[in-house]
Structures are given as C-alpha cells and as structure tokens.
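Student: Mind looking over this structure? Questions follow.
The values are calculated or read from the model by the stated rules, or taken from the named source; none is laboratory data. Everything numeric in this text was worked out from a predicted model, so none of it was measured. Cβ sites come from the backbone with ideal geometry, for glycine too, and all protein chains shown count toward neighbours. Note: areas computed on protein heavy atoms with side chains; ligands, DNA, RNA excluded. Shrake-Rupley method; radii C 1.70, N 1.55, O 1.52, S 1.80 Å.
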Amino acid sequence: MARRTEADEAADAYERHLADHDRDRRRAQGAFYTPPELVAWVLDRALPAAGSVLDPACGTGHFLVAAAHRLGVRAVHGSDLDPDAVRIARDRLHAVDPAVPRAEIERRVVVADGLTAWEGRTFDAVLGNPPFLGQLRRHSAGRSEQHRRGLGAYTDTSAVFLHRALDLAGPGGTVALVQPISVLAARDAGPVRAAVAGRGAVTDFWCSERPVFEGTPVLTCVPVVRIGAGPATDPDTWGALAAPAFGIPPVTLPAGTGTLGERATCTADFRDQYYGLAPFVGDGLPDGTPLVTTGLIDPAESRWGRVPTRFARRRYDAPSVDLAALRADAGGSALARWADARLVPKLLVAGQGRVIEAVADEHGAWLPSVPVVSVVPHDPADLWHLLAITLAPPLVAHAASRYLGSGLTPGSVKVSARQLAALPLPTDEVAWAEGAELARAAQHATDEGRPDLLAATGRAMSVAYGADPASYDWWWGRARRRSWREADK
Ligand SMILES: C[S@@+](CC[C@H](N)C(=O)[O-])C[C@H]1O[C@@H](n2cnc3c(N)ncnc32)[C@H](O)[C@@H]1O
C-alpha cells in the first residue's frame, strides 16, 4: 500500500464534506467515490503494462492516483466538472511524484466535461466511475452529446460515458467504467450494449449483490471491455454476466428443439378487458365464472376462493364474473367473445415472482385478470406438458438472469406472453413426459402433498433440459418458500 499523503487526506476530507454538508451537490454531480478494493480490481484488469490512462470523470482522483503508483504520473489523464475535486486530484498526483512539474499535471488533469473533452485523443485504458444520473444536468454538455450519439433522453449518464469511452480507447485498449446494474437490461442502455458488441467484448466483469458506494443503495457493476476482442458480447444477455454474483446458476438452454409458441398460443390481455369486466364482477356469485388474478396463482396451484384478492380497487373473497349478464349487455358482445375464447383448457401464468408461477385450468372454467398471461395449447392433451415447462429450473434461472438490472428485485422472474412463446422445448421427451405426470399430480395434490411433487417435477424437468443440478437447487430454494406457505401454518 502506498503511503498516504496530505493531499490524500484532503481528498477524504472533501468527500466527507460532500457527504455531510453538501448532499445536494453530491447528488447533482453523482459524486459517490469508489472504494479502494474496487479501484484495485479495475486496475488489475484494465491497466496496460505501460501506456496511457484516462479517467473522464476523475473526481478527487482515486483511480488516477492508484494508476500513477503503477505507471507513473505522466501516464495518467483526467477530467471533472468540479474544480475543487480537480485541484485535489492534481495535488495528490504531485505528491506521488514531486519531480513532475505542476504545469504538466495541470495539462493532464483538467476541469472539463468528460463527454466532450479529449476529442481526437486515444488512450490505452479508459477507466473510472462516471456519474450515475438518470438525466444529464445543466453544466454538462451531456444532453446534446447524448443526442448526437443517437442515445435516448433516458439513457443514464454513466452509459453515455461508456459509449464515449469506446471512442477514446485505442485499438487493443480497455474500457472499465463503473456502471449501475441497470446497464445490463435497461432498454435505454441497449444501444450502448450494442456499441460495445460492435467494438469488442466484455472480457471481465465485476458485480456485487450489495451496494458498495457509501450513501447510495444503487447496485453496481464493472464490465471490462477490450476493444477488438471477440466473440462479441450479445447485447441481450448481459444479465447472465451478473447472474453468479446473485447466486443465479448459469444455464445453457438447448437450441433447435422448437419453442413453446409452436405448441400453444400465449396471450396477454389488455386494460380494455379489465375495465370492461369490472361492472360484471361480484363476490362469490353462485353461477359466476372465477376471475383469477396474479396474486391467486402459485406453482401448480390456484388459491381462488381460499384467499382474498383485489380487483379494480376492491377486495374480493372469490371474484366471479356474471357471464349471463355480460352476454345480455348490449355493449358486451366483444367482451363476451373474448370470454368465450378464454374459457378453454389453458395455463394461467402470473406476470412476475420468485419463480415462474403457473396453474392449469384443465376444465377451461376460469377467466384471467390482467396481467395474467393465458397459454392455450393447440392440442389440449399437451396441457400438463406445458405446465411442466413452467416448472423447469433451467428456464426459470435463464429468465431470472435475463431480468437482472431491470429494476425488479434481483433474481425476480418476469415473463411476458412473447417471452413464454420463445421458451425452448425440452430435449429429453421421456423426462418431459414424467415431468408432465408429476406436474398433474402436484396440481391435484393436497397442500401437504404438493411440495414433494413439485420438487420431483423440478428434478424431472432439469433432466428434460439436460441441465446440471445447480439450477434445480437454486429454483427449489425459491419455489419451496411459496409452496410450503400453507403447509407451514
Ligand atoms: C462518482 S464520482 C466518481 C469520481 C471518481 N471516478 C472516483 O471514483 O473517485 C463522479 C464524478 O463525476 C463528476 N462529473 C459529473 N458530470 C461530469 C461530466 N459531465 N464530466 C466530467 N465529470 C463529471 C462529478 O463531479 C464527480 O466527481
């Protein structure tokens, strides 16, 4: 560890000052400074043996000082909009090597906008911890720069810095910027992930399941991008990079076996159905048709009529639709046609949860409430096979990693109708058939009997997808807590 200088103490004092007295400024600048272990991790991976380094939003210079200890003060360059922080960074570098004239340090570490400074220059490594701000602030040239780069107005500043850094790193160079984990899945960061794929590949990745920046709960990661490296990192699967940090097992799904969409039609309903149905919904109507909301769906279990739920801002013990009244209503014909189309054997899938939650409506007697997704098999005999697919641990792990960083609790699973349709079918038909039988038994079981049968279904479906057992253990750890809720009482 290098000896701490007076200038280092000044950097600490400045950060404490921002944290304790100048929170608005800290938030406006996105000034949350990087812990030394993370700086070291980045330098270990990103620093060239010799050459030039840029931190485009250098703050008080944590990355620059650490890099200067390894490569010399003359190797480092930095910019920051905050003149106080830049002054401290310069002092610290001067203390690292007093032989380097101050004037030279002042040319290398400048008060400037990191998104527009350094035009026409390239560096062997571009690293650091750029500001995380949902939208760029006034002082920064950011918004127009963002526009010029073809990035949307909601792209996080940190991702705009990542985009810029790809231009500032020379051939064979490295980019390693701290990012919020939203970079993994956010739609607005999609063009930035695509730009990374166009220039190189993510060759190293750091992520933490806990916040590491004092004063902010944001979860962060560092994708280390090597310019010119291959194979390119698929812009749609960055979540998989972070999966291990969240305990989600890596899985490789079979390709070429066909998709669930070839066996069933997956449909989400719209607000129209929701508002249209509302006047015809009552509680426990004697001849009513059960209306199943997401909260009532557990794996292979409907809790309709057993636990209360909410629909259209009202609480119901057993929400049911008066179909006769709906059919008799002059304005209800489109809705009646919708109901008839839905009253067939199908799966009802809850939108989002700890695992994929789906239940089979074997008699075609239930209506889905938005946002429940209906999966209607082309051949009704496939119903239990389809339910078994939703209980396949590798698929659930795949969906969980896909949504890492999307704003859901990490590890949550969310599946849209389109994504359900795209799920691959199992490769092992025998294990799949066994899974289908077990899924049927699980749904027909008592609350006491169901957990064992669900676990057995998960094991059979792991085999059906040829996956190693890690995804089963992970899935069961999450699924059991739900399915044993009743039995635990
Ligand atoms: C999260 S801090 C990180 C500082 C430094 N990388 C570190 O870890 O010690 C982000 C820094 O970005 C600066 N900043 C904000 N917008 C900027 C911009 N457009 N150009 C350069 N720096 C900027 C802030 O002043 C702040 O010092």
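Student: Need one word for the range 356-489: rounded, prolate or oblate. Basis is the Cα gyration tensor (sqrt eigenvalues a ≥ b ≥ c); a/c below 1.5 gives rounded, then a/b vs b/c decides. Don't skip to the end; give the middle numbers.
Tutor: On the way: a/c = 1.13, a/b = 1.07, b/c = 1.05.
Because its axes are fairly even, with a/c under 1.5, the range 356-489 counts as rounded.
Student: Right, another one. Placing +1 on the Cβ of each Lys and Arg and -1 on the Cβ of each Asp and Glu in the range 260-488, which of G466, S320, S401 has its Cα farthest towards the positive end of the resulting dipole?
Tutor: Farthest along the dipole direction, towards plus: S401.
Student: Please list the non-local residues whose amide H lies under 5 Å from the amide H of G173, H modeled 1.01 Å from N, same-chain partners needing a gap of 5 or more.
Tutor: I227
Student: For a quick check of your reading of the filter: which GluC sites (Glu not before Pro) in the range 418-473 sit in a DSSP loop and have no more than 10 other Cβ atoms within 10 Å?
Tutor: Working: sites: E429, E434, E437, E448; in loops: E448.
Those satisfying the criteria are E448.
Student: Right, another one. Which listed residue (F213, P231, A49) has the Cα farthest towards the positive end of the charge dipole for the range 6-246, taking +1 on Lys and Arg C-beta and -1 on Asp and Glu C-beta about the Cα centre?
Tutor: P231
Student: I need the Kirkwood Rh of the range 6-246: take the reciprocal of the average 1/r across all distinct C-alpha pairs and report it in angstrom.
Tutor: Values: mean 1/r = 0.0565 Å⁻¹.
Mean inverse Cα-Cα distance, inverted, gives 17.7 Å.
Student: Rounding to the nearest 20 debye, state how big the charge dipole of the chain is about its Cα centre with +1 on each Lys and Arg Cβ and -1 on each Asp and Glu Cβ.
Tutor: Rounded to the nearest 20 debye, it is 1000 debye.
Student: Further, regarding this structure: Can you give the accessible area per residue of the range 260-488, in Å², using a 1.4 Å probe?
Tutor: Details: 9500 Å² over 229 residues.
Result: 41 Å² per residue.
Student: Ok, one more. List the cysteines in the chain whose Cβ has no other cysteine Cβ under 4.7 Å from it.
Tutor: C58, C266
Student: Which distance in nm do the two modelled labels at E9 and A112 give, with both placed 7 Å along the Cα-to-Cβ direction?
Tutor: 3.3
Student: Quick check: residue separation of A422 and R210 times 0.36 nm, minus the Cα distance between them. What number comes out in nm? If you can, show how the numbers build up before the last one.
Tutor: Values: separation 212, 0.36 × 212 = 76.32 nm, distance 3.19 nm.
Length gained, A422 through R210: 73.1 nm.
Student: Also, quick follow-up: Would you calculate the separation in nanometres between label points at D379 and E429, each defined as 7 Å from the Cα along the Cα-to-beta-carbon direction?
Tutor: Between D379 and E429, the label points sit 1.0 nm apart.
Student: Search the structure for amide H atoms under 5 Å from the amide H of G200, placed 1.01 Å from N in the peptide plane, and list their residues when 5 or more places away or on another chain.
Tutor: G228
Student: Still on this structure: Quote to one decimal, in nm, the extra length available between E37 and E119 on full extension: 0.36 nm per residue of separation minus the C-alpha distance between them.
Tutor: Value of the extension gain: 26.4 nm.
Student: Which value, in debye to the nearest 20, gives the size of the charge dipole of the range 260-488 about its Cα centre, when Lys and Arg are +1 and Asp and Glu are -1 at the Cβ? Walk me through the numbers before you get to the answer.
Tutor: Details: 24 positive and 27 negative charges, 188 e Å.
The calculation lands at about 900 debye.
Student: Calculate the FRET efficiency for R102 and Y154 from the Cβ-Cβ distance with a Förster distance of 35 Å, rounded to the nearest 0.05. Could you put the intermediate results ahead of the total?
Tutor: On the way: r = 41 Å, r/R0 = 1.17.
That pair, R102 with Y154, gives E of 0.30.
Student: Given a 1.4 Å probe and every protein chain left where it sits, what share in percent of the accessible area of the chain is carbon and sulfur? All intermediate terms of the calculation are to be shown ahead of the outcome.
Tutor: Working: 10900 of 21120 Å².
That share works out to 52 percent.
Student: Computed FRET efficiency, Cβ-Cβ of V307 and R187, R0 35 Å: what is it to the nearest 0.05?
Tutor: Values: r = 35 Å, r/R0 = 0.99.
Here the calculated transfer efficiency is 0.50.
Student: Under the rule of -39500 (n - 2.57) per DSSP H run of 4 or more residues, summed and divided by the residues of the chain, what mean residue ellipticity at 222 nm is obtained, to the nearest 500 deg cm²/dmol?
Tutor: On the way: 20 runs with 194 residues, N = 489.
Calculated mean residue ellipticity at 222 nm is -11500 deg cm²/dmol.
Student: Given labels modelled 7 Å from the Cα in the Cβ direction, how far is it in nm from A330 to D84?
Tutor: 7.1
Student: So between F270 and D473, what do we pick up on full extension, going 0.36 nm a residue minus the alpha carbon distance?
Tutor: Computed gain between F270 and D473 is 69.5 nm.
Student: Using the beta-carbon distance between D340 and A194 and R0 = 41 Å, what value does 1/(1 + (r/R0)^6) give for FRET efficiency, to the nearest 0.05?
Tutor: For D340 and A194, the calculated efficiency is 0.40.
Student: Still on this structure, please answer the following. Any idea how far the Cα center of the range 298-376 sits from the one of the range 197-216, in Å?
Tutor: 41
Student: Ignoring ligands and nucleic acids, what accessible area does H21 show with a 1.4 Å probe (Å², nearest 10)?
Tutor: Rounded to the nearest 10, that gives 140 Å².
Student: OK, next. Mean 1/r over all different Cα pairs, inverted: what Kirkwood radius does the range 1-113 give, in Å?
Tutor: Evaluated on the range 1-113, it is 14.1 Å.
Student: Could you tell me, in Å, what Rg and Dmax come out for the Cα atoms of the range 255-322?
Tutor: In Å, with Rg to one decimal and Dmax whole: 15.1, 48.
Student: In terms of the Cα gyration tensor, with a ≥ b ≥ c the square roots of its eigenvalues, is the chain rounded because a/c is under 1.5, prolate because a/b exceeds b/c, or oblate?
Tutor: Working: a/c = 2.70, a/b = 2.23, b/c = 1.21.
Taking the square roots of the gyration eigenvalues as a ≥ b ≥ c, the chain is prolate.
Student: Output wanted: per-residue J couplings in Hz (rounded whole) for the range 283-295, from phi through Karplus 6.51 cos²θ - 1.76 cosθ + 1.60, θ = phi - 60°, x for Gly and Pro.
Tutor: Residue by residue, the range 283-295 yields 9, x, 4, x, 9, x, 9, x, 9, 9, 9, 4, x Hz.
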